[in-house]
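Engineer: Let me give you the structure first, and then I'll get to my questions.
The values are calculated or read from the model by the stated rules, or taken from the named source; none is laboratory data. On a predicted model such as this, the values are computed, not experimentally measured, just so you know. Ideal geometry is used to build each Cβ from the backbone, glycine not excepted, and the neighbour counts take in all protein chains shown. All accessible areas refer to the heavy atoms of the entire protein, side chains included, with ligands and DNA or RNA removed. Shrake-Rupley method; radii C 1.70, N 1.55, O 1.52, S 1.80 Å.
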Number of protein chains: 4
Amino acid sequence: MKALVYLGPHRKSLEDRPKPVITAPTDAIVKVTRTTICGTDLHILKGDVPTCTSGRILGHEGVGIVDAVGAAVTAFKAGDRVLISCVSACGKCVNCRRQMYSHCSTGGWILGNSIDGTQAEFVRIPHADMSLYPIPAGADEEALVMLSDILPTALECGVLNGRVQPGCTVAIVGSGPIGLAALLTAQFYSPAEIIMIDLDEGRLAVAKRFGATATINSRDGKAADAVMKRTAGLGVDTAIEAVGVPATFELCQQIVAAGGTIANIGVHGVKVDLHLEQLWDRNISLTTRLVDTVSTPMLLKTLCSQKLDPKPLITHRFKLDHILDAYETFAHAAETRALKVLIEA
Amino acid sequence: MKALVYLGPHRKSLEDRPKPVITAPTDAIVKVTRTTICGTDLHILKGDVPTCTSGRILGHEGVGIVDAVGAAVTAFKAGDRVLISCVSACGKCVNCRRQMYSHCSTGGWILGNSIDGTQAEFVRIPHADMSLYPIPAGADEEALVMLSDILPTALECGVLNGRVQPGCTVAIVGSGPIGLAALLTAQFYSPAEIIMIDLDEGRLAVAKRFGATATINSRDGKAADAVMKRTAGLGVDTAIEAVGVPATFELCQQIVAAGGTIANIGVHGVKVDLHLEQLWDRNISLTTRLVDTVSTPMLLKTLCSQKLDPKPLITHRFKLDHILDAYETFAHAAETRALKVLIEA
Amino acid sequence: MKALVYLGPHRKSLEDRPKPVITAPTDAIVKVTRTTICGTDLHILKGDVPTCTSGRILGHEGVGIVDAVGAAVTAFKAGDRVLISCVSACGKCVNCRRQMYSHCSTGGWILGNSIDGTQAEFVRIPHADMSLYPIPAGADEEALVMLSDILPTALECGVLNGRVQPGCTVAIVGSGPIGLAALLTAQFYSPAEIIMIDLDEGRLAVAKRFGATATINSRDGKAADAVMKRTAGLGVDTAIEAVGVPATFELCQQIVAAGGTIANIGVHGVKVDLHLEQLWDRNISLTTRLVDTVSTPMLLKTLCSQKLDPKPLITHRFKLDHILDAYETFAHAAETRALKVLIEA
Amino acid sequence: MKALVYLGPHRKSLEDRPKPVITAPTDAIVKVTRTTICGTDLHILKGDVPTCTSGRILGHEGVGIVDAVGAAVTAFKAGDRVLISCVSACGKCVNCRRQMYSHCSTGGWILGNSIDGTQAEFVRIPHADMSLYPIPAGADEEALVMLSDILPTALECGVLNGRVQPGCTVAIVGSGPIGLAALLTAQFYSPAEIIMIDLDEGRLAVAKRFGATATINSRDGKAADAVMKRTAGLGVDTAIEAVGVPATFELCQQIVAAGGTIANIGVHGVKVDLHLEQLWDRNISLTTRLVDTVSTPMLLKTLCSQKLDPKPLITHRFKLDHILDAYETFAHAAETRALKVLIEA
């Protein structure tokens, strides 16, 4: 089968690889009909993810059709159309029992990381009963690909950890795909204000269309001032960090109100300054999280009931044969205006 | 009246000052019968608290007897024995309505800071109805002094923010008065383990008597290893920072388990490193808080029902005339073994 | 001044009464510019509310202009335009401190009940700082009248107590004004389904326009079957009782899913059957509440940010001179199709 | 093997039955070393539990040694010493994912109910990975039998649902084994008062030894008065119903404070009156629950750390050969003073 293989830092190729086989009774083999590329895949290609070694098939998102199941799989059978979760979960270990699937003792984010992933014709899914979801009748399968990772990540790490509530004020620092996904899901809770902050006017324009009540271009270094002015000097109840660099985390600290929350989504490669000399008495909370995908059932319900439309996140479509082009397009988003690129079998 | 007055960095004296008078209808004047010295008073004396200016009477803790009340005070009358809260709260502003009294728009921690405090024969208490508590019949007034600040601070900033639960594992970094107060109040929730960490063997011995299940001397720089060994490599559910310097905050980051909480109590003078490159995917929460004293009614109930005995926190007693000696004793705790020093009228 | 006075069961009249005066330093006198009639006013007129005695000016909703304030009022001054809360709260008693203003020791629902109310040219508002809200610049004052009682009641007793969440399924039993207000505010949380149940097709048609995803006419006695069919036999996550009679409470018990919540809004005059023989092992919660109006600040923010439009609840408008006609219209809602009737000074 | 078999209403016998075998890959066979009798077993024997049919081996509590495991069991192997949970949980279905194991689509309370149970030499445990717990090194296995059902039931249905908090006031109506287990676990949260109410002075004397701060004999019909007197007319924050008849549920309604919770543990055979005409405006919560056993890991930790000592619940010991005597003793608790009777292999 065809597969996109990581060959060490800055190297990848579309190769022919053997079709995966069931290795545990809880496995399923899924024929991948649609997948996509995540910012994390680009991190891997920079060599930043040591758990992902040369020879690995990348990809942790997608929808497909069950090809085969192990003896202990009870919820799925061959032919079922399924959504693939980016997180594999046994459902039984200490962390799964507390719904922290991201830290499953035999799962977590392993797809396209420590085991082969979804950017291929077939993928082996461990703990299939907990890690696949039936595609609801009539659902748009393209839209569903956004439920593998980006939407639960934005919702859990950003919106739920950020305790977004009706009438509150939210700032999302970073208007890339994950920031926009936070913008979409924050609206589940009817905040009064969602201020999107980015360096790129194009992305801010997209944010406006997606429901931002205000946008701020941080290029002039005065974003904090602009937020404070807009919030009567109070700052925001929730600051969502959706970039992953020290400067954006610094900005979150500058704009969070007393009693507010900084919810980190960004993948950080270096330490940051935490201004406890200013924040120690400000009653703030700061959260980090690898997505647990516990919100996937909720997201499926909101999607089916038209409370969520993730389709506009998809800007480009490619066939698997042209996945290298898809990577090019996604990696140069500033020029291509790419958000999420869909890859079809 | 006699009062301990701050005269600028490193200077203080016991002076004669006019008795305070009611300036707002919600004020009360309280004759102070017992007060104490807080670590924050030492911070002020170092010049670290710019809101506190020369000429200020220090002190924000104590019990006393109501001497006079303003026209709008309804809950107290002259002669009532009262506990003084370190935080003044109007009860009506936006922050008070969300129970964040520490950020009351006309209150917060102002006593002995931006207005004159309790280390004097009399003190003016603004917003008296919300900022004083009746002393329950039969209560030990010495013990009650510990409810002005140190116990609600430890409980709210450490134990409640740290989400201590039955069966969980807690580490408290710092075994001074505030760390010991966290140790006392953490036991409300029956954690399986409370590990106290400090540099001073004497304080760790006190911690053992106060209920610590383990103590670790961090002098050898291997405290994190010791905690990880004791917790089967998982770390602690709750790490309470009770010192306020970068090294102890660093230790908290090293020992917090996935899914755990770092609850900061310490007053920090400089920024710290936050290792988001290690913590971004660890599902941790980090909290800061200036005590709101919303837990004072709960603490009064636990005290009256013998679930809490704060008396052992008091190690020395002085008359107000000798408050300068009390400061000496408290400031040199390593030699004097002082925890809290009580000052009686 | 003109005032609508309760004269004992089934008797009321528009009378001339003296203008109220300030009796406590925390009082304000408000010139009422708009008020409305509540279902509870009809209860009073039936003689069902023993705390309300003959001679009482009715009404607990409205907006107006501050005419005078007592010496201890700090948040308002003469000339301020204000929203009047149906609940008066001192902010200082045990219950106010836990945000249960409805059970304030010197307040609660007293307006138009145990003290004179708002269906008059002027009204005295006790605890004015906590019981009035400034009218935001540019706000529609008609719409704001809906924030005195009906919207916080629906939100707090129905939606918040009912724990409405994104993607969940809600049934609201009763599509009168309070049920419709629950329908409006439930949408803050993006539930997948809101099923409105009533006997009146006209009210169900209104519900459809207000955002119901389904309506069920319960006249045939088969509403429970219809709900179970629509929910794949599971029942609803949240059943909101918005009528106040045994039959509707019975229906809620029949349709609540395992793990679900029955949130009671209705004012009940008689006891009901609780089927613990069926529910003891169903993991359900049942809540009751008199509105605390703690959500008023949230509602004001959602109103100002266009997340809430309560204006369609207003179906009729009258001058205070014709308030008896307003009562007629409101009391015969089945014929008049009245929801809320607005009364202007 | 020997087994206690239900033979229809009021009939049971100790019979010889075939040893169970593995029927699903997730099954384990456990050699039962200790079991006990539950009040629910007596309900079955009265014919009150229609899901339990003639021929069923009773019992849903116990500890033992794993005899054999199915191919998909990963957490246990033959020879492991295990605690058996009264609830079987697949861990994967919609209800298990929300931690409502009691309503697992292929589990729940099935042991000794719809499948054969633990009052036998061997038992088949479905979903073994989720339904067994390793016995911690050094744990007292007798005490652990109390963690199969009675302690998680008391904790989850009574204490956690009842939101017991430090300093609060609790009443437990019913001082039988389940009420006493609630008394033990309520102390995890340091309430100020735990008032035990029963008709039997002997049981109340036991309650005193177990930590009750007050006991009330309700024989005189004046228990509500006594509680109100003891609580300054306010009532209790948490009323735990631990009997299951209308009179005790009525008492809970009479004594619950405004803003309080009634947490039902009792198994009810008939409907009860709910006084919504008195409670509609009292801001109360009422909860029901079949134990989910999600608290078992927490209970194991509290047991191992000596925060919980359930051993005193065990009053009698029998060999399996004499289980009929054990039933006699347990069924006549008023005379025998039995709480829990232990049955050893």
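Engineer: For chain A, with equal point scatterers placed on the C-alpha atoms only and solvent neglected, what are the log10 I(q)/I(0) values from the Debye formula at q = 0.11, 0.12 1/Å, to two decimals?
Structural biologist: Here the Debye-derived log intensity ratios amount to -0.70, -0.83.
Engineer: Could you tell me the extents of region C:45-175's C-alpha atoms along the three principal axes, largest first, rounded to whole Å?
Structural biologist: Extents along the principal axes, in whole Å: 49, 40, 32.
Engineer: On to the next question. Ordering A:ASP237, D:ASP309 from largest to smallest accessible area (1.4 angstrom probe), what's the sequence?
Structural biologist: Sorted descending by solvent-accessible area, the residues read D:ASP309, A:ASP237.
Engineer: Now for a different question. Protein chains only, probe 1.4 Å: how do D:LYS311, D:LYS229 rank by accessible area, largest first?
Structural biologist: Reading off the accessible areas and sorting them downward yields D:LYS229, D:LYS311.
Engineer: Quick one: what do you get for region D:16-77 if you divide its Cα Rg by 2.2 N^0.38 Å?
Structural biologist: Rg over 2.2 N^0.38 Å, computed on Cα atoms: 1.33.
Engineer: Still on this structure, I have one more. Please calculate how many Å² of accessible area chain D carries per residue, with a 1.4 Å probe and no DNA, RNA or ligand atoms counted.
Structural biologist: For chain D, the per-residue accessible area is 35 Å².
Engineer: Hey, got the average number of other protein chain Cβ atoms within 10 angstrom for residues in A:88-98?
Structural biologist: Per-residue shielding by partner chains comes out at 5.
Engineer: To the nearest 10 Å², what's D:THR329's accessible area with a 1.4 Å probe?
Structural biologist: We get 20 Å² for D:THR329.
Engineer: Now a separate question. Give me the three principal axis extents of region C:263-316 from the C-alpha atoms, as integers in angstrom, largest value leading.
Structural biologist: Projected onto the principal axes, the Cα atoms of region C:263-316 cover 46, 28, 19 Å.
Engineer: From largest accessible area down, sort D:ASP129, C:ASP325, D:ASP220; use a 1.4 Å probe on the protein chains.
Structural biologist: Ranking D:ASP129, C:ASP325, D:ASP220 by accessible area, largest first, yields D:ASP220, C:ASP325, D:ASP129.
Engineer: If you don't mind, there's one more thing I want to ask. Got a sec to turn the phi values of region A:322-328 into Karplus ³J(HN,Hα) couplings, 6.51 cos²θ - 1.76 cosθ + 1.60 with θ = phi - 60°, whole Hz, x for Gly and Pro?
Structural biologist: Calculated HN-Hα couplings, in order: 10, 5, 5, 5, 4, 4, 4 Hz.
Engineer: Continuing with the same structure: At 7 Å along the Cα-to-beta-carbon direction for both A:GLU344 and C:ALA78, put a label point, then send me their distance in nm to one decimal.
Structural biologist: 7.4
Engineer: At 1.306 mPa s and 10 °C, plugging the Kirkwood radius over alpha-carbon pairs of region D:111-248 into Stokes-Einstein gives what diffusion coefficient in µm²/s?
Structural biologist: Taking Rh from Cα pairs, D becomes 96 µm²/s.
Engineer: Region D:227-330: Rg/Rh from Cα coordinates, Kirkwood Rh?
Structural biologist: 1.09
Engineer: Normalized C-alpha radius of gyration of region D:107-189, against 2.2 N^0.38 Å?
Structural biologist: For region D:107-189, the normalised Cα radius of gyration comes out at 1.29.
Engineer: With the cut-off at 17 Å, report for region D:7-112 the share of all Cα pairs above it, as a whole percent.
Structural biologist: Of all Cα-Cα pairs in region D:7-112, 61 percent lie more than 17 Å apart.
Engineer: Here are some pairs, C:LYS222/D:LYS92; A:LYS92/D:LYS31; C:LYS19/C:LYS77; B:LYS2/B:LYS46; which of them have Cα atoms lying more than 28 Å apart in this structure?
Structural biologist: C:LYS222/D:LYS92
Engineer: Right, another one. When the label point is put 7 Å from the Cα of C:GLN254 along its Cα-to-beta-carbon vector, which residues of region C:150-194 have a backbone N closer than 17 Å?
Structural biologist: Zone members listed by number: C:171-175.
Engineer: While we're here: For the interface of A with D, what's the total buried accessible surface in square angstrom, probe 1.4 angstrom, rounded to the nearest hundred?
Structural biologist: Answer for the A-D pair: about 1100 Å² buried.
Engineer: Same structure again: So, in nm, how far is label A:ARG11 from label B:VAL21 when the simple model puts each one 7 Å beyond its Cα toward the Cβ?
Structural biologist: A separation of 8.7 nm, rounded to one decimal place.
Engineer: Taking amide H positions as placed in the peptide plane 1.01 Å from N, state which residues far from A:ILE194 in sequence (5 or more) or on other chains have amide H under 5 Å from it.
Structural biologist: HN-HN under 5 Å from A:ILE194: A:VAL170, A:THR213, A:ALA214.
Engineer: Please give the solvent-accessible surface of A:TRP109 in Å², to the nearest 10, using a probe radius of 1.4 Å with every protein chain present.
Structural biologist: 40
Engineer: Assuming 1.567 mPa s and 4 °C, estimate D for region D:169-255 with Stokes-Einstein, Rh taken as the Kirkwood radius over Cα pairs, in µm²/s.
Structural biologist: Answer, rounded: 105 µm²/s.
Engineer: Collect residues whose amide H, placed 1.01 Å from N in the peptide plane, falls under 5 Å from the amide H of B:ILE262; neighbours closer than 5 in sequence don't count.
Structural biologist: B:ALA239, B:SER285, B:LEU286, B:THR287
Engineer: Evaluate Rg over Rh across the protein assembly as shown, taking Cα atoms for both radii and Kirkwood's formula for Rh.
Structural biologist: Rg/Rh for the protein assembly as shown comes to 0.96.
Engineer: Considering only protein heavy atoms and a probe of 1.4 Å, how much of the accessible area of region B:234-323 is carbon and sulfur, as a whole percent?
Structural biologist: That share works out to 54 percent.
Engineer: Sticking with this one: Averaged across the residues of B:243-255, what count of C-beta atoms belonging to other chains lies within 10 Å of each residue's C-beta?
Structural biologist: Mean partner-chain Cβ count within 10 Å for B:243-255: 1.
Engineer: Something else about it: Label D:CYS304 and B:SER114 with points 7 Å out from Cα along Cα→Cβ: what is the distance between them in nm?
Structural biologist: If labels sit at D:CYS304 and B:SER114, their model points lie 5.0 nm apart.
Engineer: May I ask you to work out the translational diffusion coefficient for region B:69-129 at 10 °C, viscosity 1.306 mPa s, via Stokes-Einstein with Rh from the Kirkwood sum over Cα pairs, reported in whole µm²/s?
Structural biologist: 129
Engineer: Using amide H atoms built 1.01 Å from N in the peptide plane, name the residues 5+ places from A:LYS12, or on other chains, whose amide H lies under 5 Å from its own.
Structural biologist: Those lying under 5 Å, H to H, from A:LYS12 are A:LEU7.
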